[in-house]
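Structure first, commentary second.
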Amino acid sequence: MAGRKSAKRAGDAEEAQELPGLEPSATSPLAVPDLEEPHHKGHRQRLYTRFLDGGPDALQDYELLEMILFAVNPRRDVKPLAKALIRDFGDIWSVVNAPPPRLRGYCVGEVSLASDKAVATLRAVGAAALRGMRQQVMDRPVLANWQSLLDYCTAAMAHQPMEQFRLLFLDRKNKLIADEVQQTGTVDHTPVYPREVVRRALELSASAIILVHNHPSGDPTPSRADVEMTKEILRAAHSLGIAVHDHVIVGRGKHVSFKAQGLM
């Protein structure tokens, strides 16, 4: 009798395998390990734990980037992608601020940034960080927070592929009241119009301005055209009682102040 019962159970199991839509239960002797289970199982949780326990300094740059990529690649190992992005773009800040066309379709093995969601997620991280830095300097005395202002300008402009000319407008107490990109040019030139600079300052009732532009080459050394343009703006602003506190050129990891260099 026991033999017939054992044979019946075996037959039932074989029938379940043959019938479509029937799957052996997790506790069935026929259950097999999940062949899709990633070899990096547990890696994500370990990163979360290290980040929460030790803060961002407990993780390397590529590991922080991995945590961002988890949201758009829920199952696959994103470590090779994170390492490749940092290698090719230079650093994590350059990755999260890279132009969308450069990010879209970036692929390592079977993991890619193929979707708008993936590209937008990376860009949103950079945008949020930059907006936070901007909020730290707005409506505050610029001269007392000079380093924070330089950090913000460097973060906003140093990695831009084209030259940008930015104007920082200050009130009578030297508080930053507006931050605007007036012009975007080419890789080595930005057209600047002194009349437009002072006109915008008057519209905002600004008492002073700070000029900032970037050199995409990474070298912030002023050109002769930079010096001449600064002199023209100084003359136009002075005639209307608007102070020009400085002109700063930002490069990658360094900057030059015209005031500190005695160029104004």
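Details
- Put the Cα centre of the range 61-100 next to the Cα centre of the range 144-185 and the gap is 27 Å.
- Backbone amide hydrogens, once placed in the peptide plane, bring Arg140 within less than 5 Å of Leu176, excluding anything fewer than 5 places away on its chain.
- Backbone amide hydrogens, once placed in the peptide plane, bring Ser207 within less than 5 Å of Leu170, Asp171, Arg172, excluding anything fewer than 5 places away on its chain.
- Rounded to whole Hz, the Karplus (6.51, -1.76, 1.60) HN-Hα couplings of the range 132-146, x for glycine and proline: x, 5, 5, 5, 6, 10, 5, 6, 10, x, 5, 5, 7, 10, 4
- Each other residue within a Cβ distance under 13 Å of Arg102 adds +1 if Lys or Arg and -1 if Asp or Glu, for a net charge of +1.
- For the cross-link pairs Lys231/Lys254; Lys175/Lys259; Lys231/Lys259, the ones whose C-alpha atoms lie over 21 Å apart are Lys231/Lys254.
- Debye intensity ratio in log₁₀ form over the Cα atoms of the range 192-253, taken at each q of 0.15, 0.17, 0.23, 0.25 Å⁻¹: -0.47, -0.58, -0.92, -1.02
- Under-5 Å amide H pairs with Asp246, H placed in peptide plane, nonlocal only: Leu211
- What the Cβ-Cβ distance of Arg76 and Ala144 gives, at R0 = 41 Å and to the nearest 0.05, is a FRET efficiency of 0.30.
- 3J(HN,Hα) couplings calculated from phi for the range 95-107 with the Karplus curve 6.51 cos²θ - 1.76 cosθ + 1.60 (θ = phi - 60°) are, in sequence order, 5, 6, 10, 5, x, x, x, 6, 7, 4, x, 4, 9 Hz; Gly and Pro show x.
- Full extension of the chain between Leu202 and Lys117 gives 26.4 nm of extra length, using 0.36 nm per residue less the Cα-Cα distance.
Any read-out appearing in this document is the output of simple, stated calculations on the displayed coordinates, not a laboratory observation. This is a predicted model, so every value here is computed, not measured. We place every Cβ from the backbone using ideal geometry, glycine too, and count neighbours over all the protein chains shown.
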